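Have a look at the structure below, then the notes.
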Amino acid sequence: MSKVRREDQAGVALITLDRPEARNAIDTEAAHALAALVHEVERDPAVLAVVLTGAGDKAFCAGADLKELAGGSAAGGRSTSEGGFAGVTHAPRDKLWIAAVNGAAMAGGFELVLACDFAIAAPHAVFALPEVKRGLAAVAGGVWRLPRAVARGVALEMIATGEPIDAAEALRLGLVNRVVPADRLLPEALAIAARVAANAPLAVRASLALARRAHDLDDAALRVEADAIGRRVMASADAREGPRAFAERREPRWTGR
């Protein structure tokens, strides 16, 4: 049985880490299976948004499988040269990724959340980068993405102490977009993803590409990129279809071109 599952519905791919007995920890097999799915969904024109979650109700992902690591397995087995940890944290991605955090997101599991575009969480979810408690460092994105996501002092405290925060605190800090009852978590995440998938694919991808770089570019460079993206989007067939569908009072038929 695969340790990672993919299910598709109406432009949305649901990817589930499926090792509930191991708190959905990432071992070498799971890492490479997830990396393969990242490649698949990113190259699948039918997929416009992705929801990433964990099986069961205890953990989203406990990070790297420390039992495998303690057994002498090389740490690099849970990373890929292109995609980083679990094939996700460093992977180039055009689609919108939503983390549906159904429990503990620890260490690399929290780094998977930070690598997604945004997250929603169940009330019992907890978040931590406890690597320092195991003589490790959160170098799969945690030590630089967390300071970009929350106030510097908050991030440094979490990184240096390794202590967790709960879902309510994550919401207050803006680490998650919303907290919903556990039985509503997946339906809510899939509903958001479906709303994304209903929009013009080229416009969504182009907008996300620029928004993701907003932290790294100054205003002048952003304006240059925005102008280039705007010209490309405005020249597309979808840019003509959207106003036409509005005028004709019908749903648009997007082509992604």
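For GLY174, the conditions (1) crowded, with 21+ Cβ neighbours inside 10 Å; (2) out of contact with any strand residue (DSSP E or B) (no Cβ under 7 Å at 6 or more places or on another chain) all hold with the exception of (1). From the list VAL143, VAL139, VAL88, the lone residue that is of a type in the set (A, V, I, L, M, F, W, C) and closer than 21 Å to ALA22 by Cα is VAL88.
Yes/no matrix, rows are residues, columns are (1) at pLDDT 95 or above; (2) over 24 Å from SER2 (Cβ atoms):
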{"position": "VAL50", "(1), (2)": "yes, no"}
{"position": "SER79", "(1), (2)": "no, no"}
{"position": "ALA91", "(1), (2)": "no, no"}
{"position": "GLY109", "(1), (2)": "yes, no"}
{"position": "VAL132", "(1), (2)": "no, yes"}
{"position": "GLY142", "(1), (2)": "no, yes"}
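Please tell me if ARG178 is modelled with pLDDT of 95 or more and closer than 30 Å to PRO252 by Cβ. Taking the combined requirement at face value, the residue satisfies it.
At least 3 residues being surrounded by fewer than 23 Cβ atoms within 10 Å (Cβ to Cβ) is the threshold, and among the helices (runs of 4 or more DSSP H) wholly inside region 21-135 those reaching it are 28-43, 66-70. The test for being at pLDDT 95 or above, more than 16 Å from the chain's Cα centre (by Cα) and farther than 21 Å from ASP57 by Cα holds for ARG195. Hey, could you check region 236-256 for residues that are surrounded by 10 or more Cβ atoms within 10 Å (Cβ to Cβ) and part of a loop (DSSP other than H, G, I, E, B) and say which is modelled with the highest pLDDT? Among residues in region 236-256 that are surrounded by 10 or more Cβ atoms within 10 Å (Cβ to Cβ) and part of a loop (DSSP other than H, G, I, E, B), the one modelled with the highest pLDDT is PRO252.
ALA155 meets the stated requirement of being out of contact with any strand residue (DSSP E or B) (no Cβ under 8 Å at 6 or more places or on another chain), among the hydrophobic types (A, V, I, L, M, F, W, C) and either at pLDDT 95 or above or more than 30 Å from GLY11 (Cβ to Cβ) (or both).
Taking VAL143 as the residue in question, decide whether it is without any contact (Cβ under 8 Å) to a residue 40 or more places away in the chain and surrounded by fewer than 17 Cβ atoms within 10 Å (Cβ to Cβ). Judged against the criteria, VAL143 is a match.
Go through (1) buried (at least 19 other Cβ atoms within 10 Å of the Cβ); (2) touching a Ser or Thr at 6+ places or on another chain (Cβ under 7 Å); (3) at pLDDT 95 or above one by one and return the number of the condition LEU186 breaks. LEU186 satisfies all of (1) buried (at least 19 other Cβ atoms within 10 Å of the Cβ); (2) touching a Ser or Thr at 6+ places or on another chain (Cβ under 7 Å); (3) at pLDDT 95 or above except (1). Hey, any hits in region 202-211 for a residue that's among the charged types (D, E, K, R) and assigned by TED's automatic domain parsing to the domain that holds GLY11? Looking for residues that are among the charged types (D, E, K, R) and assigned by TED's automatic domain parsing to the domain that holds GLY11, one finds none in region 202-211, hence no.
If the condition is being outside any strand (DSSP E or B) and either within 24 Å of ALA191 (Cβ to Cβ) or of a type outside the set (Ser, Thr, Tyr) (or both), then region 1-20 contributes MET1, LYS3, ALA10, GLY11, ASP18, ARG19, PRO20.
The values are calculated or read from the model by the stated rules, or taken from the named source; none is laboratory data. In this text, all values refer to a predicted model and were calculated from it rather than measured experimentally. Glycine also receives a Cβ, built like all others from the backbone with ideal geometry; neighbour counts cover every protein chain displayed.
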